[in-house]
Structure formats: C-alpha cells, structure tokens
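Okay, so here's the structure we're looking at.
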Amino acid sequence: MKNSASLLRVLAAQLISFVLFEVTLESDGQWAIEKYPVIWAVLGIILLISIAIEIAIHALNNVLFQSLDDAAKERYLAAQAAKKTTQFSGIKRLYKKLLDSKPVEEEHEIILDHDYDGIKELDNNLPPWWLYGFYFTILFGIVYMVRYHVFDGPDQTTEYEMEVAEAQKAIEAYKLTAKDLVDVNSVVALTESSDLAAGKAIFEQNCVACHKSDGGGGIGPNLTDPYWILGGGIKNIFRTISEGGRDGKGMISWKQTLKPSEMAQVASYILTFEGTTPAEPKEAQGNLWVDPEATQDEAPIEETPEPENEKVTDSTTVAMK
Ligand code: HEC
C-alpha cells in the first residue's frame, strides 16, 4: 500500500507540474511542451526529486518504526491495518449506492417465482446511476424541444452560416494585416499616399523604360488615356502586371519580381495617371475602358477580348459606349 500511494503521489506531482506549465506558459495555440522542449528536462528533474522525497520519507518511517519497542510496534501495525480497512470508504459507499443491488445473502428476498429450468430472476431495483442518466435524457429532450422547436433556435444550417460569417470576418481582418494575400480577385485601388508613393517608386525603378515616368508611353502603351489594350480598372491592370501582356509584345510577367502588395501599389499608382497630360503622349491603343462596377454592383472581372487591331482609333467604340 505504501508503494502504490508513493507511486500515485509521484504521478500526481508530474501531472500537476505538466498542467501548470501548460497553463502558465504562453505558447500561441501550441503545446507549451512542444514549443519549449526544455520542459521535458524540468519534468524529468521533478520526477527524480519526487522519487527521492518518497524514498527519504519511507526510510525515515522505517527508522522510526525500528526504534519502537515491541508493544508500540504492534499498536502501530494495528493502526495501519485499521486505516487500510477504512481507506476509500466514502468512494466504496458511493459506488454501492449507485448500484443499489442487494447483497448476495439477501437475494432470497427479491427472487421472483419463475423458474426456467433452474434459472431464476431477481427483482433488483434499477441502478440509480442508470436511472438518473435516464431522467437526464428526458430533461435534455424537453429543453432541446423547447429551445429548437418551440422557440425556433438556430438549426444546423443557420449555425453553419453564422460560423462562416464569423470566419469571413476573421479572414477580412487577417487580410488587412497580410497585404500580400491580395490577388486579382481581391485587389482594390489603394488610396493611402504611402501606398501611392511606394507604387511610384516601383514604377520609376521598373517600368519607366517602356512607359515613361509620366506614363506617356514608349515601347509600352500610354497609361494616361482611358484606352486600354488589356483592360482598365484596378483588377485588369493588376492582372496585366502580374501575368504580363500578350506574347512577344515586351510586357513581361512581374509576379516573380514584385510581391502582390507591390503590384497592387504600382497598379494603384498607374490609376492616378488617368486624365493627366504627359509630355509626349503615345497615341491611344485598345478600347475605351468603362468601369463595369460603376453601373453594376457585382461585376465579374472583365474578360478582355483580344483586340484585333492594336490601334483602335475609330470613333465607333466611343460612340457605342
Ligand atoms: C520592356 C518594356 C516594358 C516594361 C519594362 C514594362 N512594360 Fe508594361 N507594357 C509594355 C508593352 C509592350 C505593353 C503592351 C502589351 C500588349 O500589347 O500586350 C505593356 C502593357 C502594360 C499595361 C497594360 C496597358 C494596356 O493598355 O492595357 C500595363 C498596366 C503595364 N504595361 C504596366 C507596367 C508596369 C507596372 C511595369 C513595371 C512594373 C511595366 N509595365 C513595365 C512594355 C513594358
């Protein structure tokens, strides 16, 4: 008994220190013991110390016991034995109570008359642990029915939708902190002057050779007019920068060089060219861009038709708008 009690105490010490570590150490959703493997070592030391303490106490008891005279030894042993019989008596009593079965000696009181070839039946009470569980299910059923069928609590679909909406909010919040998550579907024109300044710097560094620093165009088309070969608007411009222009025209894909946030910045900067008058503007190329989102609420990103003729300068496209 002494040994099993010591074992329990040692295990308890381990468990308590483990729980304390997990509860007190900040580990961002991870197990603390995974994040700080040194905890293993600390737990090991605690294990050694608690074993040492148990051994020391045991040895001390032994020495004290040996120092007793015979009568005292006997009294001590008797006390120990008495302690053992009353050990866990509360738990044992509770266990019996939850079973509520008749002791074997009293079974004759509850035996039923049937006798099936020598097999007899006892009329035991329902075990209280089972009975209370059964009452609980009835109570649960009533509460459930009232909550969901009388007062129309949220059903699975609604709960699902609520969770999705919450997650959506969390994603939005996360996207605000993680700017590089923008892609062609989520990009919006940035208006912060810091973003536009960054876009300008990127443009000056990478794009002016072909588009001129005022966007007037050279090898590349004029970016200041409302005519776009590959589609205007933030999404199309972002896609052109990210994926490049048509094969062989000279506009490469920039997604290997620029981060998504940088492409969004330079695309937003390009939008600020519109309406300015560059020093040597290149003639308009492509189609007049009408923002579909200005008229429709939910505009899918524009599929830009491959223009047959680069230099669409006739007036029909304008008139058709
Ligand atoms: C080597 C020259 C060159 C460089 C450098 C260059 N471009 Fe271009 N760009 C072009 C050409 C050529 C086109 C036309 C592509 C086509 O016709 O398919 C173009 C088209 C574009 C368009 C679409 C214009 C339209 O009318 O649809 C945008 C937007 C654009 N470039 C932005 C940029 C940005 C931003 C950079 C810098 C990160 C850049 N370009 C760097 C040559 C260049």
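Structural remarks
- Residue 95 vs. criteria out of contact with any helix residue (DSSP H, G or I) (no Cβ under 8 Å at 6 or more places or on another chain), within 30 Å of residue 4 (Cβ to Cβ), aromatic (Phe, Trp, Tyr) and surrounded by 11 or more Cβ atoms within 10 Å (Cβ to Cβ): yes
- When the stretch 114-123 is filtered for residues that are touching a Lys or Arg at 6+ places or on another chain (Cβ under 9 Å) and exposed (fewer than 11 other Cβ atoms within 10 Å of the Cβ), only 114 remains.
- Looking across the stretch 204-233, the residues that are near the ligand (Cβ under 6 Å from one of its atoms), surrounded by fewer than 22 Cβ atoms within 10 Å (Cβ to Cβ) and in a helix (DSSP H, G or I) come down to 206, 209, 210.
- Selection of first residues in the stretch 47-68 that are more than 16 Å from residue 14 (Cα to Cα) and of second residues that are surrounded by 10 or more Cβ atoms within 10 Å (Cβ to Cβ), restricted to Cβ pairs under 6 Å at least 6 apart or on distinct chains, gives an empty result.
- Apart from one condition, residue 102 fits all of (1) touching a strand residue (DSSP E or B) at 6+ places or on another chain (Cβ under 9 Å); (2) without any contact (Cβ under 8 Å) to a residue 12 or more places away in the chain; the exception is (2).
- Annotation note: of 144, 116, 132, 148, the sole residue that is more than 38 Å from the chain's Cα centre (by Cα) and either outside the structural domain of residue 236 (by TED's automatic domain parsing) or modelled with pLDDT under 90 (or both) is 116.
- Any hit, the stretch 242-263, residues being touching a strand residue (DSSP E or B) at 6+ places or on another chain (Cβ under 7 Å) and near the ligand (Cβ under 7 Å from one of its atoms): no
- Enumeration of residues in the stretch 121-166 that are under 30 Å from residue 96 (Cβ atoms) and of a type in the set (Val, Ile, Thr): 137, 138
- Residue match in the stretch 17-32 (condition: assigned to a loop (DSSP other than H, G, I, E, B), farther than 28 Å from residue 85 by Cβ and hydroxyl-bearing (Ser, Thr, Tyr)): yes
- Taking every residue in the stretch 213-225 that is touching a residue at least 12 places away in the same chain (Cβ under 8 Å) and farther than 13 Å from residue 203 by Cα and pairing it with any residue that is aromatic (Phe, Trp, Tyr) and part of a loop (DSSP other than H, G, I, E, B), at least 6 positions away or on another chain, the pairs with Cβ-Cβ distances below 7 Å are 224/273.
- Boolean, residue 236 is crowded, with 16+ Cβ neighbours inside 10 Å, among the polar types (S, T, N, Q) and more than 6 Å from the ligand (Cβ to nearest atom): yes
- Scanning the stretch 172-185 for residues that are assigned to a helix (DSSP H, G or I) and surrounded by 13 or more Cβ atoms within 10 Å (Cβ to Cβ) turns up 175, 179, 181.
- Checking each residue in the stretch 226-270 for being farther than 20 Å from residue 187 by Cβ and either touching a residue at least 40 places away in the same chain (Cβ under 8 Å) or touching a Cys at 6+ places or on another chain (Cβ under 8 Å) (or both) picks out 227, 246, 250.
- Criterion violated by residue 188 - all others in (1) out of contact with any Phe, Trp or Tyr (no Cβ under 7 Å at 6 or more places or on another chain); (2) crowded, with 17+ Cβ neighbours inside 10 Å satisfied: (2)
- Comparison of 167, 201, 178 shows that the only residue that is within 30 Å of residue 223 (Cα to Cα), outside the structural domain of residue 265 (by TED's automatic domain parsing) and either free of Cβ contacts under 8 Å to residues at least 24 places away in the same chain or within 16 Å of the ligand (Cβ to nearest atom) (or both) is 178.
The values are calculated or read from the model by the stated rules, or taken from the named source; none is laboratory data. No experiment lies behind these values; they were computed from the predicted model shown. Here the Cβ is made from the backbone with ideal geometry for all residues, glycine too, and neighbour counts use every protein chain on show.
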